[in-house]
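Notes follow once the structure below has been shown.
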Amino acid sequence: MSTVRLVAAVTGEVQGVGFRYRTRQQAEQLGLIGSASNRSDGSVLVVAAGPSSAVEQLLAWLRSADAPGRVENVEANLHDDGASGLSGFVTD
């Protein structure tokens, strides 16, 4: 099973609506590690690592109507460096 890292910038109405908290819940349910952080431009940066199938599920959730707020766009990149340097799932 390959381990991948997702780096996604999520734009729209995603701050102040529980987006990071729910993203952490989803990631933890999928067994992923990483972070969700507010950015000064109003977007949220999501970094998640784990099995490729679980990362793909999180990405699909980020793009779905189930994500809190109003997601306008998810600019996502997948990397093969997996979980290097990550532990747990944190929000800030």
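The values are calculated or read from the model by the stated rules, or taken from the named source; none is laboratory data. Fair warning: this is a prediction, and the values are worked out from it, not measured in the lab. All Cβ positions, glycine included, derive from the backbone under ideal geometry; neighbour counts span all protein chains shown. With ligands, DNA and RNA removed, areas are computed over all heavy atoms of the protein, side chains included. Shrake-Rupley method; radii C 1.70, N 1.55, O 1.52, S 1.80 Å.
For this structure, a couple of remarks:
- Rolling a 1.4 angstrom probe over the chain with all protein chains present gives an accessible area of which 44% lies on carbon and sulfur atoms.
- The magnitude of the dipole of the chain, with charges of +1 and -1 set on the Cβ of Lys/Arg and Asp/Glu and taken from the Cα centre, is near 180 debye.
- Under Karplus coefficients 6.51, -1.76 and 1.60, residue-wise ³J(HN,Hα) of the range 64-79 in Hz, glycine/proline x: 8, 6, 6, 5, x, x, 9, 7, 8, 7, 10, 8, 10, 10, 10, 10
- Per residue solvent-accessible surface (Å²) - the chain, probe of 1.4 Å: 52
- The relative contact order of the chain, computed from alpha carbon pairs under 8 Å that lie at least 6 residues apart in sequence, is 47 percent.
- Helix 19-29 axis versus longest C-alpha principal axis of the chain: approximately 30°, rounded to the nearest ten.
- Computed [θ] at 222 nm, deg cm²/dmol, the chain (DSSP H ≥ 4; -39,500 (n - 2.57); rounded to nearest 500): -7000 deg cm²/dmol
- With a Förster radius of 35 Å applied to the beta-carbon distance between D41 and T3, the computed FRET efficiency rounds to 0.75.
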